[in-house]
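The values are calculated or read from the model by the stated rules, or taken from the named source; none is laboratory data. Nothing here was measured: the structure is a model prediction, and the numbers come from that model. So basically every Cβ, Gly included, is an ideal-geometry build from the backbone, and we count neighbours across all protein chains shown.
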């Protein structure tokens, strides 16, 4: 495995902890700042907003060498999380979370292009999956560690950890990632030219709706496991590690298969798996260990579809590769927000119903991916 890809994965590890750990430490943050938990939920939205704003701003950096852009983005990750760790009140933390989100989509955009360029011939999808692996490892180990730090010390220690980790990322990107030439400058308008064709919209739609379907259910996974499946509260941490293990394996297997069979075929199959798992979770969640296995398979599907989406948008977005790759992360976060909202509408019926709510979203994502595979995959 190339050291350069490991350095890129260090970055997605930091981003993964910064994004997802807030869900686990929300009560601690709310208590410390003297605000309600729903109000503390704004910190999740601020991060997502930063992701959405940061992606299009990336077009302004199109003329610079990709390695230099990565170093600037990692510096922003450090600044945002250190500011979050020292935030004295609600408003400062809100601003810090927005700053933390700015480099997220941009890092994935630039990192995906660098990973594909550094990959051995015919191994582009696998290289991108290695970069994305940091995000899955964050869910497997980083988020539980961050939550434990919040419980034992303070929620501020969690963000400080990510800020310090940023120094490590900076060093290894500087040391291990070789100089990569900037992309051909197609002008500001040229960056958006690829959006005139249906292919990228099919990928972005599949990303938003497919992920939205999963997050209808995953946003309410804790109460489903305790209230419906009958697990104890103490079991939640090891179960979340199991979910993270599914993410790691799904991502790595998908990367290898995409190089062998095409990303479109693998992405379509992974999206079909998600549809089936969500439906089975609705019917079988009262059965304890069946629910745990289905959870692991569904989270595997969630990240099995990620690297095909990331590699396909780079190939489709000729002249606007950075913007396209960053837009996938915007679509991912948009799907998270839509899914959490839609799932919340049916929670009152019981904690099984968010999974059923997610099925139409995931099914639509599957149909969009299937259309792309049938009509456009042969061109890319």
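Points worth noting:
- None of 362, 355 is crowded, with 22+ Cβ neighbours inside 10 Å, in a helix (DSSP H, G or I) and over 19 Å from the mean Cα position of the chain (by Cα) except 355.
- Some residue of segment 155-174 being surrounded by fewer than 24 Cβ atoms within 10 Å (Cβ to Cβ), touching a residue at least 60 places away in the same chain (Cβ under 8 Å) and farther than 19 Å from residue 74 by Cβ: yes
- Residues of segment 110-147 that turn out to be in contact with a helix residue (DSSP H, G or I) (Cβ under 7 Å, 6 or more places away or on another chain) and closer than 15 Å to residue 173 by Cβ, as a count: 10
- Single match in 9, 18, 40, 85 (criterion: assigned by TED's automatic domain parsing to the domain that holds residue 115 and farther than 20 Å from residue 168 by Cβ): 40
- Filter result for the condition that a residue is farther than 19 Å from residue 126 by Cα and at pLDDT 95 or above, over 276, 345, 356: 276
- For segment 205-220, the set of residues classified as surrounded by fewer than 23 Cβ atoms within 10 Å (Cβ to Cβ) and either at positive phi or assigned to a helix (DSSP H, G or I) (or both) consists of 205 only.
- Flag for residue 58 being in contact (Cβ under 8 Å) with a residue 60 or more places away in the chain, surrounded by fewer than 20 Cβ atoms within 10 Å (Cβ to Cβ), closer than 23 Å to residue 5 by Cα and in the same structural domain as residue 14 (by TED's automatic domain parsing): no
- Considering residues of segment 165-204 that are closer than 28 Å to residue 368 by Cβ and assigned to a loop (DSSP other than H, G, I, E, B) only, the residue modelled with the highest pLDDT: 197
- Cβ-Cβ under 9 Å pairs, at least 6 apart or on other chains, segment 244-259 side within 15 Å of residue 271 (Cα to Cα), far side not in a helix (DSSP H, G or I): 250/305; 254/305; 255/123
- Conditions (1) out of contact with any helix residue (DSSP H, G or I) (no Cβ under 6 Å at 6 or more places or on another chain); (2) in a helix (DSSP H, G or I); (3) under 19 Å from residue 176 (Cα atoms); number of the one not met by residue 56: (3)
- Some residue of segment 281-298 being crowded, with 24+ Cβ neighbours inside 10 Å, under 19 Å from residue 133 (Cβ atoms) and touching a residue at least 12 places away in the same chain (Cβ under 8 Å): yes
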